[in-house]
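Okay, so here's the structure we're looking at.
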(Lines give C-alpha, C1' and ligand atoms only; values in the text may rest on other atoms or scores of the structure.)
Protein backbone atom coordinates (compact mmCIF):
# COMPACT_ATOMS: atom_id res chain seq x y z
CA UNK A 1 0.00 0.00 0.00
CA UNK A 2 2.89 2.37 0.79
CA UNK A 3 4.02 2.02 -2.82
CA UNK A 4 0.77 3.53 -4.13
CA UNK A 5 0.18 6.08 -1.35
CA UNK A 6 1.67 9.01 -3.28
CA UNK A 7 -0.40 8.12 -6.36
CA UNK A 8 -3.61 7.86 -4.34
CA UNK A 9 -2.84 11.19 -2.69
CA UNK A 10 -2.32 12.79 -6.13
CA UNK A 11 -5.62 11.31 -7.36
CA UNK A 12 -7.68 12.52 -4.40
CA UNK A 13 -6.18 16.03 -4.36
CA UNK A 14 -6.81 16.37 -8.11
CA UNK A 15 -10.38 15.15 -7.59
CA UNK A 16 -11.04 17.50 -4.65
CA UNK A 17 -9.65 20.51 -6.51
CA UNK A 18 -11.98 19.81 -9.43
CA UNK A 19 -14.98 19.20 -7.20
CA UNK A 20 -14.25 22.47 -5.41
CA UNK A 21 -14.00 24.30 -8.74
CA UNK A 22 -17.31 22.75 -9.83
CA UNK A 23 -18.97 24.01 -6.66
CA UNK A 24 -17.52 27.51 -7.18
CA UNK A 25 -18.63 27.53 -10.83
CA UNK A 26 -22.18 26.55 -9.90
CA UNK A 27 -22.23 29.25 -7.22
CA UNK A 28 -21.11 31.84 -9.76
CA UNK A 29 -23.03 30.77 -12.88
CA UNK A 30 -25.83 28.58 -11.54
CA UNK A 31 -26.17 24.82 -11.11
CA UNK A 32 -28.44 24.39 -14.12
CA UNK A 33 -26.98 26.94 -16.53
CA UNK A 34 -24.45 26.74 -19.34
CA UNK A 35 -21.90 29.51 -19.82
CA UNK A 36 -20.82 28.48 -23.33
CA UNK A 37 -23.27 27.92 -26.19
CA UNK A 38 -21.34 24.82 -27.26
CA UNK A 39 -22.38 23.12 -24.00
CA UNK A 40 -26.04 23.26 -24.97
CA UNK A 41 -25.39 21.60 -28.34
CA UNK A 42 -23.46 18.73 -26.71
CA UNK A 43 -26.17 18.31 -24.08
CA UNK A 44 -29.04 18.16 -26.55
CA UNK A 45 -27.16 15.83 -28.90
CA UNK A 46 -26.46 13.54 -25.95
CA UNK A 47 -30.18 13.52 -25.21
CA UNK A 48 -30.87 12.74 -28.88
CA UNK A 49 -28.53 9.73 -28.84
CA UNK A 50 -30.06 8.42 -25.60
CA UNK A 51 -33.57 8.66 -27.04
CA UNK A 52 -32.59 6.90 -30.27
CA UNK A 53 -33.63 9.83 -32.45
CA UNK A 54 -31.73 10.96 -35.58
CA UNK A 55 -28.48 12.72 -34.74
CA UNK A 56 -29.59 16.29 -35.56
CA UNK A 57 -29.28 19.64 -33.84
CA UNK A 58 -31.37 22.61 -34.92
CA UNK A 59 -31.94 21.13 -38.36
CA UNK A 60 -28.23 20.38 -38.83
CA UNK A 61 -27.18 16.76 -39.23
CA UNK A 62 -23.39 17.11 -39.25
CA UNK A 63 -23.02 19.89 -36.72
CA UNK A 64 -20.87 18.15 -34.07
CA UNK A 65 -18.71 15.06 -33.85
CA UNK A 66 -20.53 12.46 -31.73
CA UNK A 67 -17.73 11.65 -29.26
CA UNK A 68 -18.70 13.89 -26.35
CA UNK A 69 -22.48 13.53 -26.86
CA UNK A 70 -21.99 9.73 -26.68
CA UNK A 71 -20.29 10.18 -23.31
CA UNK A 72 -23.17 12.37 -22.12
CA UNK A 73 -25.91 10.03 -23.37
CA UNK A 74 -25.72 7.52 -20.45
CA UNK A 75 -26.70 10.35 -18.08
CA UNK A 76 -30.10 10.52 -19.80
CA UNK A 77 -30.49 6.74 -19.61
CA UNK A 78 -29.56 6.59 -15.93
CA UNK A 79 -31.18 9.77 -14.55
CA UNK A 80 -34.13 10.19 -16.93
CA UNK A 81 -35.00 12.57 -19.74
CA UNK A 82 -34.03 15.70 -17.84
CA UNK A 83 -31.00 14.99 -15.62
CA UNK A 84 -29.22 17.69 -13.68
CA UNK A 85 -26.40 19.42 -15.53
CA UNK A 86 -24.42 18.78 -12.35
CA UNK A 87 -24.14 15.11 -13.41
CA UNK A 88 -22.33 16.16 -16.60
CA UNK A 89 -19.97 18.34 -14.59
CA UNK A 90 -19.22 15.45 -12.26
CA UNK A 91 -18.56 13.18 -15.24
CA UNK A 92 -16.03 15.70 -16.59
CA UNK A 93 -14.49 16.05 -13.12
CA UNK A 94 -13.82 12.30 -13.07
CA UNK A 95 -12.44 12.39 -16.62
CA UNK A 96 -10.21 15.36 -15.75
CA UNK A 97 -8.90 13.56 -12.67
CA UNK A 98 -8.11 10.47 -14.74
CA UNK A 99 -6.22 12.74 -17.14
CA UNK A 100 -3.91 13.75 -14.28
CA UNK A 101 -3.04 10.08 -13.71
CA UNK A 102 -2.70 9.55 -17.47
CA UNK A 103 -0.15 12.39 -17.66
CA UNK A 104 1.86 10.79 -14.87
CA UNK A 105 1.64 7.43 -16.69
CA UNK A 106 2.85 9.01 -19.95
CA UNK A 107 5.80 10.61 -18.12
CA UNK A 108 6.70 7.23 -16.62
CA UNK A 109 6.39 5.48 -20.02
CA UNK A 110 8.82 7.98 -21.49
CA UNK A 111 11.39 8.42 -18.71
CA UNK A 112 10.80 5.42 -16.39
CA UNK A 113 11.16 7.69 -13.36
CA UNK A 114 8.37 7.64 -10.77
CA UNK A 115 9.45 10.96 -9.21
CA UNK A 116 9.36 12.71 -12.59
CA UNK A 117 5.96 11.12 -13.28
CA UNK A 118 4.57 12.43 -9.99
CA UNK A 119 5.93 15.93 -10.65
CA UNK A 120 4.22 15.96 -14.07
CA UNK A 121 1.00 14.72 -12.48
CA UNK A 122 1.07 17.43 -9.81
CA UNK A 123 1.71 20.17 -12.37
CA UNK A 124 -1.40 19.04 -14.26
CA UNK A 125 -3.41 18.53 -11.07
CA UNK A 126 -3.01 22.13 -9.87
CA UNK A 127 -3.19 23.86 -13.26
CA UNK A 128 -6.16 26.30 -13.03
CA UNK A 129 -7.05 25.99 -16.73
CA UNK A 130 -6.95 22.22 -16.61
CA UNK A 131 -9.16 22.30 -13.51
CA UNK A 132 -11.70 24.57 -15.23
CA UNK A 133 -11.77 22.45 -18.38
CA UNK A 134 -12.64 19.53 -16.10
CA UNK A 135 -15.67 21.44 -14.81
CA UNK A 136 -17.24 22.94 -17.93
CA UNK A 137 -19.61 20.83 -20.04
CA UNK A 138 -17.32 20.89 -23.04
CA UNK A 139 -15.42 18.28 -25.04
CA UNK A 140 -11.96 19.42 -23.84
CA UNK A 141 -11.89 17.09 -20.81
CA UNK A 142 -12.34 13.78 -22.70
CA UNK A 143 -10.27 15.09 -25.61
CA UNK A 144 -7.29 15.71 -23.29
CA UNK A 145 -7.58 12.22 -21.80
CA UNK A 146 -7.73 10.52 -25.21
CA UNK A 147 -4.86 12.70 -26.50
CA UNK A 148 -2.57 11.67 -23.62
CA UNK A 149 -3.41 7.98 -24.10
CA UNK A 150 -2.89 8.29 -27.87
CA UNK A 151 0.56 9.83 -27.45
CA UNK A 152 1.48 7.45 -24.63
CA UNK A 153 0.80 4.33 -26.67
CA UNK A 154 2.52 5.86 -29.70
CA UNK A 155 5.63 6.35 -27.59
CA UNK A 156 5.39 2.75 -26.33
CA UNK A 157 5.19 1.50 -29.92
CA UNK A 158 8.06 3.74 -31.02
CA UNK A 159 10.31 2.53 -28.21
CA UNK A 160 9.70 -1.11 -29.25
CA UNK A 161 11.21 -0.56 -32.72
CA UNK A 162 12.53 -2.52 -34.65
CA UNK A 163 10.02 -4.98 -33.15
CA UNK A 164 6.43 -4.07 -34.00
CA UNK A 165 4.30 -3.47 -30.93
CA UNK A 166 0.93 -4.05 -32.61
CA UNK A 167 -1.05 -3.72 -29.40
CA UNK A 168 0.32 -0.24 -28.67
CA UNK A 169 -0.12 0.86 -32.30
CA UNK A 170 -3.74 -0.31 -32.34
CA UNK A 171 -4.49 1.40 -29.03
CA UNK A 172 -2.77 4.60 -30.12
CA UNK A 173 -4.79 4.69 -33.34
CA UNK A 174 -7.99 3.94 -31.42
CA UNK A 175 -7.43 6.74 -28.90
CA UNK A 176 -6.46 9.11 -31.73
CA UNK A 177 -9.81 8.36 -33.37
CA UNK A 178 -11.60 8.91 -30.05
CA UNK A 179 -9.83 12.27 -29.73
CA UNK A 180 -11.00 13.21 -33.24
CA UNK A 181 -14.55 12.13 -32.39
CA UNK A 182 -14.36 14.72 -29.57
CA UNK A 183 -12.36 17.44 -31.35
CA UNK A 184 -12.29 17.12 -35.17
CA UNK A 185 -9.34 19.49 -35.47
CA UNK A 186 -7.08 16.62 -34.35
CA UNK A 187 -7.63 14.80 -37.68
CA UNK A 188 -4.34 15.86 -39.26
CA UNK A 189 -2.12 15.65 -36.19
CA UNK A 190 -0.60 12.23 -36.97
CA UNK A 191 0.60 13.12 -40.51
CA UNK A 192 1.80 16.50 -39.21
CA UNK A 193 3.77 14.83 -36.41
CA UNK A 194 5.20 12.22 -38.80
CA UNK A 195 6.39 14.82 -41.32
CA UNK A 196 7.93 17.03 -38.62
CA UNK A 197 9.40 14.01 -36.84
CA UNK A 198 10.99 12.69 -40.02
CA UNK A 199 12.46 16.11 -40.76
CA UNK A 200 14.03 16.30 -37.29
CA UNK A 201 15.15 12.67 -37.22
CA UNK A 202 17.39 12.99 -40.29
CA UNK A 203 18.72 9.50 -41.10
CA UNK A 204 16.77 7.55 -38.46
CA UNK A 205 13.22 8.26 -39.65
CA UNK A 206 12.01 4.67 -40.25
CA UNK A 207 10.47 4.20 -36.77
CA UNK A 208 8.65 7.53 -37.07
CA UNK A 209 7.25 6.75 -40.53
CA UNK A 210 6.28 3.14 -39.91
CA UNK A 211 4.63 3.69 -36.55
CA UNK A 212 2.84 6.80 -37.80
CA UNK A 213 1.49 5.12 -40.95
CA UNK A 214 0.12 2.11 -39.04
CA UNK A 215 -1.65 4.05 -36.32
CA UNK A 216 -3.01 6.58 -38.85
CA UNK A 217 -4.54 3.72 -40.86
CA UNK A 218 -6.09 2.35 -37.65
CA UNK A 219 -7.42 5.82 -36.85
CA UNK A 220 -8.98 6.24 -40.31
CA UNK A 221 -10.60 2.81 -40.11
CA UNK A 222 -12.30 3.90 -36.89
CA UNK A 223 -13.68 6.98 -38.68
CA UNK A 224 -15.28 5.03 -41.56
CA UNK A 225 -18.69 4.59 -39.82
CA UNK A 226 -18.90 8.38 -39.41
CA UNK A 227 -17.95 8.94 -43.07
CA UNK A 228 -20.57 6.46 -44.28
CA UNK A 229 -23.22 8.07 -42.11
CA UNK A 230 -22.30 11.57 -43.36
CA UNK A 231 -22.44 10.48 -47.00
CA UNK A 232 -25.83 8.88 -46.42
CA UNK A 233 -27.14 12.09 -44.81
CA UNK A 234 -25.62 14.73 -47.10
CA UNK A 235 -24.75 12.90 -50.31
CA UNK A 236 -21.16 14.15 -49.99
CA UNK A 237 -17.97 12.97 -48.31
CA UNK A 238 -17.50 14.84 -45.03
CA UNK A 239 -14.39 13.88 -43.06
CA UNK A 240 -15.46 15.48 -39.76
CA UNK A 241 -18.25 18.07 -39.59
CA UNK A 242 -19.81 20.81 -41.66
CA UNK A 243 -18.68 23.44 -39.16
CA UNK A 244 -15.25 23.86 -40.77
CA UNK A 245 -16.50 26.59 -43.11
CA UNK A 246 -18.15 28.62 -40.35
CA UNK A 247 -15.13 28.08 -38.09
CA UNK A 248 -12.78 29.28 -40.81
CA UNK A 249 -14.90 32.35 -41.59
CA UNK A 250 -15.17 33.05 -37.86
CA UNK A 251 -11.38 33.42 -37.84
CA UNK A 252 -10.97 35.12 -41.22
CA UNK A 253 -13.48 37.84 -42.10
CA UNK A 254 -13.62 41.66 -42.20
CA UNK A 255 -14.99 41.87 -38.64
CA UNK A 256 -12.78 39.14 -37.12
CA UNK A 257 -11.03 39.95 -33.84
CA UNK A 258 -9.58 36.55 -32.97
CA UNK A 259 -12.49 35.77 -30.65
CA UNK A 260 -15.55 33.82 -31.73
CA UNK A 261 -18.65 35.61 -33.02
CA UNK A 262 -20.94 33.41 -35.12
CA UNK A 263 -23.65 36.01 -35.83
CA UNK A 264 -22.77 35.87 -39.54
CA UNK A 265 -24.07 32.29 -39.93
CA UNK A 266 -27.70 33.35 -40.10
CA UNK A 267 -26.87 35.92 -42.80
CA UNK A 268 -25.18 33.25 -44.94
CA UNK A 269 -28.06 30.86 -44.31
CA UNK A 270 -30.73 33.36 -45.36
CA UNK A 271 -28.76 34.31 -48.48
CA UNK A 272 -28.34 30.67 -49.51
CA UNK A 273 -32.02 29.87 -48.95
CA UNK A 274 -32.95 32.92 -51.00
CA UNK A 275 -30.69 31.80 -53.88
CA UNK A 276 -32.26 28.35 -53.89
CA UNK A 277 -35.79 29.74 -53.99
CA UNK A 278 -36.53 28.94 -50.35
CA UNK A 279 -35.44 25.30 -50.54
CA UNK A 280 -33.98 23.83 -47.33
CA UNK A 281 -33.13 20.29 -48.44
CA UNK A 282 -30.44 18.08 -46.91
CA UNK A 283 -27.73 19.70 -49.07
CA UNK A 284 -28.18 23.15 -47.49
CA UNK A 285 -25.81 22.43 -44.62
CA UNK A 286 -23.13 21.23 -47.05
CA UNK A 287 -23.60 24.23 -49.37
CA UNK A 288 -23.40 26.68 -46.47
CA UNK A 289 -20.15 25.09 -45.31
CA UNK A 290 -18.67 25.45 -48.79
CA UNK A 291 -19.80 29.07 -49.17
CA UNK A 292 -18.36 30.16 -45.83
CA UNK A 293 -15.08 28.35 -46.47
CA UNK A 294 -14.73 29.97 -49.88
CA UNK A 295 -15.58 33.41 -48.46
CA UNK A 296 -12.92 33.04 -45.73
CA UNK A 297 -10.19 31.95 -48.16
CA UNK A 298 -11.15 34.69 -50.62
CA UNK A 299 -10.99 37.38 -47.94
CA UNK A 300 -7.62 36.16 -46.61
CA UNK A 301 -6.22 36.00 -50.16
CA UNK A 302 -7.29 39.58 -50.86
CA UNK A 303 -6.15 40.93 -47.49
CA UNK A 304 -2.92 39.11 -46.54
CA UNK A 305 -1.80 42.01 -44.32
CA UNK A 306 -4.98 41.87 -42.25
CA UNK A 307 -4.87 38.05 -42.13
CA UNK A 308 -1.28 38.23 -40.85
CA UNK A 309 -2.25 40.83 -38.24
CA UNK A 310 -5.11 38.58 -37.11
CA UNK A 311 -2.71 35.62 -36.91
CA UNK A 312 -0.49 37.56 -34.50
CA UNK A 313 -3.51 38.59 -32.43
CA UNK A 314 -4.72 34.98 -32.25
CA UNK A 315 -1.23 33.76 -31.31
CA UNK A 316 -1.15 36.10 -28.30
CA UNK A 317 -4.73 35.19 -27.37
CA UNK A 318 -3.76 31.51 -27.35
CA UNK A 319 -0.62 31.96 -25.22
CA UNK A 320 -1.85 34.83 -23.06
CA UNK A 321 -0.90 34.72 -19.36
CA UNK A 322 -4.41 35.82 -18.34
CA UNK A 323 -7.97 34.98 -19.49
CA UNK A 324 -8.97 36.91 -22.61
CA UNK A 325 -12.58 37.32 -21.49
CA UNK A 326 -12.97 40.09 -18.95
CA UNK A 327 -16.01 38.36 -17.43
CA UNK A 328 -13.78 35.42 -16.45
CA UNK A 329 -10.83 37.51 -15.35
CA UNK A 330 -10.12 39.05 -11.96
CA UNK A 331 -6.97 39.62 -9.93
CA UNK A 332 -7.12 36.21 -8.23
CA UNK A 333 -7.73 34.28 -11.47
CA UNK A 334 -5.07 36.27 -13.34
CA UNK A 335 -2.50 35.69 -10.59
CA UNK A 336 -3.30 31.96 -10.39
CA UNK A 337 -3.02 31.49 -14.16
CA UNK A 338 0.17 33.57 -14.38
CA UNK A 339 1.94 31.81 -11.48
CA UNK A 340 1.17 28.31 -12.77
CA UNK A 341 1.39 28.92 -16.50
CA UNK A 342 4.56 31.00 -16.96
CA UNK A 343 6.97 28.67 -15.07
CA UNK A 344 5.63 25.59 -16.86
CA UNK A 345 5.83 27.34 -20.23
CA UNK A 346 9.44 28.47 -19.69
CA UNK A 347 10.59 25.10 -18.31
CA UNK A 348 8.64 23.29 -21.05
CA UNK A 349 10.38 25.37 -23.73
CA UNK A 350 13.75 24.50 -22.19
CA UNK A 351 12.72 20.85 -22.25
CA UNK A 352 11.62 21.19 -25.89
CA UNK A 353 15.06 22.55 -26.84
CA UNK A 354 16.74 19.69 -24.96
CA UNK A 355 14.51 17.18 -26.77
CA UNK A 356 16.23 18.06 -30.05
CA UNK A 357 19.18 15.99 -28.78
CA UNK A 358 16.89 13.01 -28.06
CA UNK A 359 14.67 10.81 -30.19
CA UNK A 360 11.16 11.35 -31.57
CA UNK A 361 9.45 10.03 -28.44
CA UNK A 362 10.57 13.07 -26.41
CA UNK A 363 9.89 15.53 -29.23
CA UNK A 364 6.35 14.18 -29.42
CA UNK A 365 5.64 16.14 -26.24
CA UNK A 366 5.99 19.58 -27.87
CA UNK A 367 4.69 18.78 -31.37
CA UNK A 368 1.05 19.15 -30.19
CA UNK A 369 1.85 22.76 -29.16
CA UNK A 370 3.12 23.54 -32.67
CA UNK A 371 0.10 21.87 -34.27
CA UNK A 372 -2.42 23.61 -32.00
CA UNK A 373 -0.73 26.98 -32.55
CA UNK A 374 -0.86 26.50 -36.32
CA UNK A 375 -4.57 25.75 -36.15
CA UNK A 376 -5.51 28.66 -33.95
CA UNK A 377 -3.66 31.38 -35.79
CA UNK A 378 -6.09 30.49 -38.60
CA UNK A 379 -9.27 29.66 -36.66
CA UNK A 380 -10.43 31.59 -33.59
CA UNK A 381 -8.23 31.50 -30.53
CA UNK A 382 -8.55 31.36 -26.76
CA UNK A 383 -6.43 30.17 -23.83
CA UNK A 384 -8.76 27.17 -23.42
CA UNK A 385 -7.39 25.72 -26.65
CA UNK A 386 -3.84 25.55 -25.28
CA UNK A 387 -4.79 23.18 -22.43
CA UNK A 388 -3.84 19.99 -24.38
CA UNK A 389 -0.48 21.52 -25.32
CA UNK A 390 0.26 22.48 -21.70
CA UNK A 391 -0.55 18.95 -20.55
CA UNK A 392 2.36 17.69 -22.66
CA UNK A 393 4.53 20.66 -21.62
CA UNK A 394 4.03 19.65 -17.98
CA UNK A 395 6.06 16.48 -18.64
CA UNK A 396 8.85 18.48 -20.29
CA UNK A 397 8.78 20.90 -17.35
CA UNK A 398 8.95 18.00 -14.86
CA UNK A 399 11.95 16.62 -16.78
CA UNK A 400 13.81 19.94 -16.42
CA UNK A 401 12.78 20.38 -12.77
CA UNK A 402 14.10 16.93 -11.81
CA UNK A 403 17.39 17.50 -13.62
CA UNK A 404 17.84 20.89 -11.93
CA UNK A 405 17.09 19.29 -8.55
CA UNK A 406 19.69 16.58 -9.15
CA UNK A 407 22.32 19.12 -10.18
CA UNK A 408 21.54 21.33 -7.17
CA UNK A 409 21.77 18.32 -4.85
CA UNK A 410 25.20 17.39 -6.23
CA UNK A 411 26.30 21.05 -6.03
CA UNK A 412 25.43 21.44 -2.32
CA UNK A 413 28.33 19.30 -1.00
CA UNK A 414 30.76 21.43 -3.00
CA UNK A 415 29.39 24.60 -1.39
CA UNK A 416 29.72 23.08 2.09
CA UNK A 417 33.31 22.06 1.42
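The values are calculated or read from the model by the stated rules, or taken from the named source; none is laboratory data. Quick caveat: nothing in here was measured; it's all calculated off a predicted structure. Positions of Cβ are backbone-derived with ideal geometry, glycine not excepted, and every protein chain shown enters the neighbour counts.
Residue check: is residue 161 out of contact with any helix residue (DSSP H, G or I) (no Cβ under 8 Å at 6 or more places or on another chain) and either surrounded by fewer than 23 Cβ atoms within 10 Å (Cβ to Cβ) or part of a loop (DSSP other than H, G, I, E, B) (or both)? It is false that residue 161 is out of contact with any helix residue (DSSP H, G or I) (no Cβ under 8 Å at 6 or more places or on another chain) and either surrounded by fewer than 23 Cβ atoms within 10 Å (Cβ to Cβ) or part of a loop (DSSP other than H, G, I, E, B) (or both).
If we scan region 232-247, do we find a residue that is modelled with pLDDT under 95, under 30 Å from residue 301 (Cβ atoms), touching a strand residue (DSSP E or B) at 6+ places or on another chain (Cβ under 8 Å) and assigned to a loop (DSSP other than H, G, I, E, B)? Among the residues of region 232-247, at least one is modelled with pLDDT under 95, under 30 Å from residue 301 (Cβ atoms), touching a strand residue (DSSP E or B) at 6+ places or on another chain (Cβ under 8 Å) and assigned to a loop (DSSP other than H, G, I, E, B), which makes the answer yes. A residue that is modelled with pLDDT under 90, surrounded by 15 or more Cβ atoms within 10 Å (Cβ to Cβ) and more than 30 Å from residue 346 (Cβ to Cβ) cannot be found anywhere in region 248-261. For region 68-76, the count of residues that are touching a residue at least 40 places away in the same chain (Cβ under 8 Å), buried (at least 20 other Cβ atoms within 10 Å of the Cβ) and more than 17 Å from residue 182 (Cα to Cα) is zero. Only residues that are free of Cβ contacts under 8 Å to residues at least 60 places away in the same chain and closer than 10 Å to residue 289 by Cβ: list them for region 223-243, please. Residue satisfying the conditions is 236 alone.
Looking only at region 347-366, residues that are in contact (Cβ under 8 Å) with a residue 60 or more places away in the chain and within 17 Å of residue 103 (Cβ to Cβ) come to 4 in all. Mind listing whichever residues of region 300-335 are surrounded by 17 or more Cβ atoms within 10 Å (Cβ to Cβ) and part of a helix (DSSP H, G or I)? Of everything in region 300-335, those that are surrounded by 17 or more Cβ atoms within 10 Å (Cβ to Cβ) and part of a helix (DSSP H, G or I) turn out to be 300, 307, 310, 311, 314, 317, 318. A single member of 138, 147 is closer than 22 Å to residue 223 by Cβ, under 11 Å from the mean Cα position of the chain (by Cα) and not in a helix (DSSP H, G or I), and it is 138. Checked against the criteria, residue 80 counts as surrounded by fewer than 24 Cβ atoms within 10 Å (Cβ to Cβ) and on the phi > 0 side of the Ramachandran plot. Would you check if residue 175 is in contact with a helix residue (DSSP H, G or I) (Cβ under 6 Å, 6 or more places away or on another chain) and either surrounded by fewer than 21 Cβ atoms within 10 Å (Cβ to Cβ) or assigned to a loop (DSSP other than H, G, I, E, B) (or both)? So residue 175 fails the test.
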